[in-house]
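The values are calculated or read from the model by the stated rules, or taken from the named source; none is laboratory data. Keep in mind it's a predicted model, so treat the numbers as computed, not measured. Note that each Cβ is placed from the backbone with ideal geometry, even for glycine, and that neighbours are counted across all protein chains shown. In case anyone asks, the SASA skips ligands and DNA or RNA and just uses the protein heavy atoms, side chains included. Shrake-Rupley method; radii C 1.70, N 1.55, O 1.52, S 1.80 Å.
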Amino acid sequence: IKITAMWCPSCLIMNDLITDLVNESNFDLVSYDFDLDQDVVTKYNVGSILPVLIKIDEDGNEIKRITREHSKKEIIDFIEG
């Protein structure tokens, strides 16, 4: 899960990198907007530090998360770990 916002500079910076990783890799990513998808923001207890990437299991339970800007390698390690 990716949670971003239009007003978030870090989200705008990370969007292209994350999109490239999705296109290069074999994983699913569902994106949500912090302002428009309050049910998801509330469910996963997302604060105001964005972007947030949340790895979930088949039942939608959170396994782990990262926030803020990260390098391509850090995101790959998060996805694969």
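What the table shows:
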| item | result |
| --- | --- |
| Solvent-accessible surface ranking, highest first, for Tyr32, Tyr44 at 1.4 angstrom | Tyr32, Tyr44 |
| Asp20 accessible area, assembled protein chains, probe 1.4 Å, Å² | 80 |
| Only Lys, Arg (+1) and Asp, Glu (-1) charged, at Cβ; the stretch 39-81 dipole about Cα centre in debye | 240 |
| Size-normalised alpha-carbon gyration radius of the stretch 1-55, reference 2.2 N^0.38 Å | 1.09 |
| Lys, Arg +1 and Asp, Glu -1 on Cβ, resulting dipole of the chain about Cα centre, debye, nearest 20 | 300 |
| The chain - mean residue ellipticity at 222 nm from DSSP helices (-39,500 (n - 2.57) per run, n ≥ 4, rounded to 500) | -11500 deg cm²/dmol |
| Candidate residues Met6, Met14: accessible-area rank, largest first, probe 1.4 Å | Met6, Met14 |
| Length-normalised contact order for the chain - Cα pairs under 8 Å, 6+ apart - percent | 36 |
| Accessible surface of the chain, 1.4 Å probe, proportion on carbon and sulfur as whole % | 50 |
| Total formal charge among the other residues, if their Cβ is under 10 angstrom from that of Pro51, Lys/Arg +1 and Asp/Glu -1 | +1 |
